[in-house]
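Novice: Quick one: the structure is below, and I'll ask about it shortly.
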């Protein structure tokens, strides 16, 4: 070999893995071990192999293990989720599916009470620390609000006004949580309400919080409701229904709704139709859940309802999630003995990755008003 000839030394497997990450992350202006708040800090080299092998699950689990960090996790996900994967050019073996379907959902036939047991029954102490004073576990409405309490109360009132609540009416709340909407509606609009939840913890505390009001909270699957109501609302529950059950859901609402009734559906929305969730969310946060698309909702409501209004305020989920995380961080020492440090990192990952996703507008938040019979003269949108 002459002095001018050189030998190309193949990269080690570890170096090759890191190179893939550097190339893809650069597309989102993220540096490995950089100095900016959104740059990823790698503390354990096992990170690269684990994420390439396990995709989104590996990203979340390696964070739970403390293998990587970002000073501002929400900002990291804002940059990460802004990457256009169509521009990624790597070999088939190296294809990085870490970002693919980050917030999309894998759904089998829903098992009604699993989500209650896995997520909502974790402990009322967690949600009392994290949420607003009314325990409202859905996106707030920040149009004129300056605090989480104000944003959640504004959202509850917005729902009441959108369905045109009148004293003496009866409302069904599908997925009622701890009863915040029903309590607000009963106190401020003079109505009675029935709520259904699949969480024993929610039902027990909700009954306590709504004591003395014409509010009934049932531990019941929505498919078993047989009463009739002036209006139906569902705030943040539709994400747990699943595509195979969308039509069943709307047929049940149709059965429960009086002829002149109105349905308000409040749900996270996807830009396109999927039938699956990312494995981290499936395993650790919301099993058997799926984010619906416009098409899926439209197909499921054909010949049943008139769509009167479709309001997107997905940008408001970013400050909602950031406020929940702030409360969670502030109350962590109180929660720590019960939950432990691994849970802390998991829950923080859940909240701040969600904030980044809504900030970059990967996910939306829809409030959709449906009438059972066309509203003569038209529906006046409320904002």
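Novice: In nanometres, what is the gap between the two model label sites at residue 69 and residue 271, each 7 Å from Cα along Cα-to-Cβ?
Specialist: So the label points at residue 69 and residue 271 sit 3.2 nm apart.
Novice: Just subtract the alpha-carbon distance of residue 27 and residue 338 from 0.36 nm times their residue separation and send over the number in nm, one decimal. Show your work: numbers first, answer last.
Specialist: Values: separation 311, 0.36 × 311 = 111.96 nm, distance 4.02 nm.
Roughly 107.9 nm would be gained on extension.
Novice: Run the simple label-point estimate for residue 49 and residue 299 please: 7 Å along Cα→C-beta, distance reported in nm.
Specialist: With each label placed 7 Å out from Cα toward Cβ, I get 4.2 nm.
Novice: Counting helices only, and only those DSSP H runs with n ≥ 4, report the 222 nm mean residue ellipticity of the chain as the sum of -39,500 (n - 2.57) divided by its residues, in deg cm²/dmol to the nearest 500.
Specialist: Values: 12 runs with 143 residues, N = 383.
Helix contribution divided over all residues of the chain: -11500 deg cm²/dmol.
Novice: Looking at the P(r) of the chain, how many percent of alpha-carbon pairs lie beyond 36 Å?
Specialist: Details: 19737 of 73153 pairs.
Looking at the chain, the distances longer than 36 Å represent 27 percent of pairs.
Novice: A further question follows. Report, to the nearest 10°, how far helix 341-359 tilts away from the longest principal axis of the Cα atoms in the chain, using its own Cα long axis and a range of 0 to 90°.
Specialist: Rounded to the nearest ten degrees, it is 80.
Novice: Against the longest principal axis of the chain, how steep is helix 148-162, in degrees 0 to 90 to the nearest 10, with axes from Cα atoms?
Specialist: Tilt relative to the chain: about 50 degrees.
Novice: Could I have the simple spin-label model distance between residue 125 and residue 14, label points 7 Å from Cα toward Cβ, reported in nm to one decimal?
Specialist: Using points 7 Å along Cα→Cβ, the separation is 4.1 nm.
Novice: For a test of the definition: using alpha carbon positions, the gyration tensor, and the 1.5 limit on a/c, classify segment 132-243 as rounded, prolate or oblate. The partial results should precede the final answer.
Specialist: Details: a/c = 1.40, a/b = 1.23, b/c = 1.14.
In terms of gyration-tensor shape, rounded.
Novice: Additional query: On a 0 to 90° scale, report how tilted helix 180-189 is relative to the longest principal axis of the chain, with both axes built from alpha carbons and the result rounded to the nearest 10.
Specialist: Relative to the chain, helix 180-189 is tipped by roughly 40 degrees.
Novice: Sorting 50, 240, 338 on the 10 Å Cβ count, fewest up front, what's the list? Let's see the in-between values first.
Specialist: Values: 50 19, 240 22, 338 11.
If I rank by nearby Cβ atoms, fewest first, I get 338, 50, 240.
Novice: Once a ≥ b ≥ c are taken as the square roots of the eigenvalues of the Cα gyration tensor of segment 210-311, is the result rounded (a/c under 1.5), prolate (a/b larger than b/c) or oblate (a/b not larger than b/c)?
Specialist: It comes out oblate by the Cα gyration axes.
Novice: Continuing with this model, one more query. Please state, as a whole number in µm²/s, the translational diffusion coefficient that the Stokes-Einstein equation yields for segment 118-159 at 25 °C and 0.890 mPa s, with Rh defined as the Kirkwood radius across alpha carbon pairs. Don't skip to the end; give the middle numbers.
Specialist: On the way: Rh = 10.9 Å.
Once the numbers are plugged in, D ends up at 226 µm²/s.
Novice: Another one. Which FRET efficiency value, to the nearest 0.05, do you get for residue 209 and residue 41 by plugging their Cβ-Cβ distance into 1/(1 + (r/R0)^6) with R0 = 45 Å?
Specialist: That gives a FRET efficiency of 0.60.
Novice: If neighbour count is taken as other Cβ atoms inside 10 Å, put 372, 183, 143 in order from fewest to most. Intermediate results must be reported in sequence, preceding the final value.
Specialist: On the way: 372 18, 183 22, 143 12.
Sorted ascending by nearby Cβ count, the order is 143, 372, 183.
We did not get these values from a lab; they are worked out from the coordinates using the rules stated. Since the structure is predicted, the reported quantities are computational estimates derived from the model, not experimental observations. Cβ sites come from the backbone with ideal geometry, for glycine too, and all protein chains shown count toward neighbours.
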